[in-house]
Amino acid sequence: MHFTVLTIFPEMFDSFRAHGIIKRAIDQKKIVVATINIRDFATDRHQMTDDRPYGGGNGMVMKPEPLAAAIRAAKEKAPSARSVLMTPQGHKFNQQMARQLTAFDELILICGRYEGVDERIGDDFIDYEISIGDYVLTGGELAAMVLIETVTRLIPGTLGGENSAEKDSFSEGLLEHAHYTRPRNFEGRRVPEVLLSGHHQEIEQWRHESSVMRTLLKRPELLQTRNLSEQEIDVLKKWYRIIKELI
Ligand code: 21W
């Protein structure tokens, strides 16, 4: 998968490329994270990429010409690429969108800065608009990294065998079960006995129960949109009875 990021801060991606799963995916040639500096496509002698808003008001707007030229240059190198504008007004990013994006070989990610990009860029140059959530960033770069990281770990082989968990329909839509490592006793808090037992079937059952109950307590809204399995309903009934006894 080939990502081309259009930004006025390409250096922000240097450390992103240099660590962890992203670094390994690049080394394994599973992904490319290329950057294009939008400023290189500015034509005035100060290489300006922003300008004052028509109609007045605070803040600056990203000029359309350098951005359009940068997008054209990126598309020339990758004619089949989809272009994505990272914007707080886009569709809110989630795991399902990440899975859908793995279908594309090439993505051009456009990072706005200032108060936003000139509206006319959206019409002819952009296939999708994506936000990473309802909070205010200062530009699209961190959002682009979030997207790249989320999509990359879905590419087979990038996690080293862990990818199967993603497809596990059994755990889909639930929070993960609790995790424990050594020591067995940490400041008086013990690892659940079943995890030390070596009974794989019982451990799997305990983990599923842990998933269901953690979801109920931490993210109850996730259970409402989910088709619960018979086993999951049994877990909820069991704890309902236990809690009912107490109240
Ligand atoms: C944020 C630009 C807000 C413009 C009141 C006064 C890309 C982003 C961004 C940004 C505004 C994403 C304002 C989640 C994000 C991004 C920069 C609107 C600001 N409000 N996903 N001034 N959040 N943000 N004007 O911010 O470019 S994806």
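Per the conditions (1) closer than 28 Å to ASN58 by Cβ; (2) assigned to a helix (DSSP H, G or I); (3) more than 9 Å from the ligand (Cβ to nearest atom), the sole criterion not satisfied by LEU142 is (3). In the range 64-91, the residues that are touching a residue at least 40 places away in the same chain (Cβ under 8 Å) reach residues that are among the acidic types (Asp, Glu) with C-beta atoms within less than 6 angstrom, at least six apart or across chains, in these pairs: PRO64/ASP118; ALA78/GLU106; ALA81/GLU106; ARG82/ASP127; SER83/ASP127; LEU85/GLU129; THR87/GLU129; GLY90/GLU129. Being of a type in the set (D, E, K, R) and under 16 Å from THR102 (Cα atoms) is the filter here; which residues of the range 26-42 pass it? The answer is LYS29, LYS30. With the requirement that a residue be more than 13 Å from the ligand (Cβ to nearest atom), among the acidic types (Asp, Glu) and loosely packed, with under 13 Cβ neighbours inside 10 Å, what does the range 93-134 give you? Passing the criteria: ASP105, ASP123, ASP124, ASP127.
For the range 145-159, does any single residue satisfy the condition of being β-branched (Val, Ile, Thr), in contact with a Lys or Arg (Cβ under 8 Å, 6 or more places away or on another chain), outside any helix (DSSP H, G or I) and within 13 Å of the ligand (Cβ to nearest atom)? Within the range 145-159, not a single residue is β-branched (Val, Ile, Thr), in contact with a Lys or Arg (Cβ under 8 Å, 6 or more places away or on another chain), outside any helix (DSSP H, G or I) and within 13 Å of the ligand (Cβ to nearest atom).
A quick yes/no check of all residues on (1) of a type in the set (Val, Ile, Thr); (2) farther than 12 Å from ILE126 by Cβ; (3) within 16 Å of the ligand (Cβ to nearest atom); (4) more than 17 Å from the chain's Cα centre (by Cα):
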| position | (1), (2), (3), (4) |
| --- | --- |
| PRO53 | no, yes, yes, yes |
| VAL61 | yes, yes, yes, yes |
| ALA73 | no, yes, no, yes |
| SER83 | no, no, yes, no |
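Number of residues in the range 191-236 that are part of a loop (DSSP other than H, G, I, E, B) and among the charged types (D, E, K, R) equals 2. Only one of the listed residues (LEU174, LEU217) is modelled with pLDDT of 95 or more, aliphatic (A, V, I, L, M) and open to solvent by less than 70 Å² (accessible area, probe 1.4 Å). That residue is LEU174.
For PRO53, are the conditions met, namely being within 30 Å of PRO156 (Cα to Cα), open to solvent by 20 Å² or more (accessible area, probe 1.4 Å) and assigned to a loop (DSSP other than H, G, I, E, B)? Spelling it out, it is not the case that PRO53 is within 30 Å of PRO156 (Cα to Cα), open to solvent by 20 Å² or more (accessible area, probe 1.4 Å) and assigned to a loop (DSSP other than H, G, I, E, B). Total residues in the range 1-25 satisfying the condition of being open to solvent by 50 Å² or more (accessible area, probe 1.4 Å), within 23 Å of THR102 (Cα to Cα) and of a type in the set (A, V, I, L, M, F, W, C): the figure is 1.
The values are calculated or read from the model by the stated rules, or taken from the named source; none is laboratory data. All of these numbers come straight from a predicted model, not from anything done at the bench. Ideal geometry is used to build each Cβ from the backbone, glycine not excepted, and the neighbour counts take in all protein chains shown. Calculation scope for accessible area: heavy atoms of the full protein, side chains included, ligands and nucleic acids excluded. Shrake-Rupley method; radii C 1.70, N 1.55, O 1.52, S 1.80 Å.
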